[in-house]
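Values in this text are rule-based calculations from the coordinates and carry no lab data. All of these numbers come straight from a predicted model, not from anything done at the bench. Neighbour counts are summed over all protein chains in view; Cβ atoms, including those assigned to glycine, are modelled from backbone coordinates with ideal geometry.
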Ligand SMILES: [Zn+2]
């Protein structure tokens, strides 16, 4: 009996070592990924489907341009393996936190990924062009495959399927948006040049450079002159951003209004969000720009579509 005890100890020790080797380490269980904004999070979630789920950093109801990270989110960020974001010029406040993260955390700044050409003006809402989104998906896939080789085949296959779906989405949107070429409208903030350039559209102006930055009186006066010259057929606001100034102009001019949501502010985060967001943009542009024309200031009370749009304008502006 006395000689069995050491043997047992030895066996238990061996079993313990075997358990240590076989037990999955946190990294082997999948990479921990944090993504700044909902549309990019959606693309990443599609590539990672079946492996693990990425975290979304910026709350959807706030502007990412000026988002201040809560201490709990900053802590969560420091425990990830990979942070995917647009970049410092787009998410200024987030940049300060990302710069202080431990060196071992991989950063993927999509503005520097080589997908988009940044001409003067630098519109960083790059996901709004599906062809650029396809390029972003390839970059995301490459980094995930490098960090998490165990799921490499899954990431490659998910990315391949996603790219095929994005290509189909692009054709679908091109068909839907083709009749809108030459239409003039105003957007709330300067977020849509990537989308517009790709689909041959062009807004006549924006109210604000970023949602939180107020425009000067001269800029607003210029927009008012454009409206007065009857060059504008629709004003688009954004969810959560309908300042009194824009509300006043919509009421005063009797122009049709619609809502464009470049971030998916009201959508459920996940793989479907990107597709819903893009289809909503096309549907809402069509809804406002293809409605029957009515003259500025003088609404046609008998026409149901204009009554509906007035009601809709009240709904969106009275929030
Ligand atoms: Zn923006």
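Points to keep in mind about this one:
- Highest to lowest packing among 235-245, 209-219, scored as the average C-beta count within 10 Å: 235-245, 209-219
- Relative contact order (%) - the range 186-289, alpha-carbon pairs under 8 angstrom, separation at least six: 23
- Highest average first, the peptides 267-274, 66-73 ordered by how many other beta carbon atoms sit within 10 Å of their residues are 267-274, 66-73.
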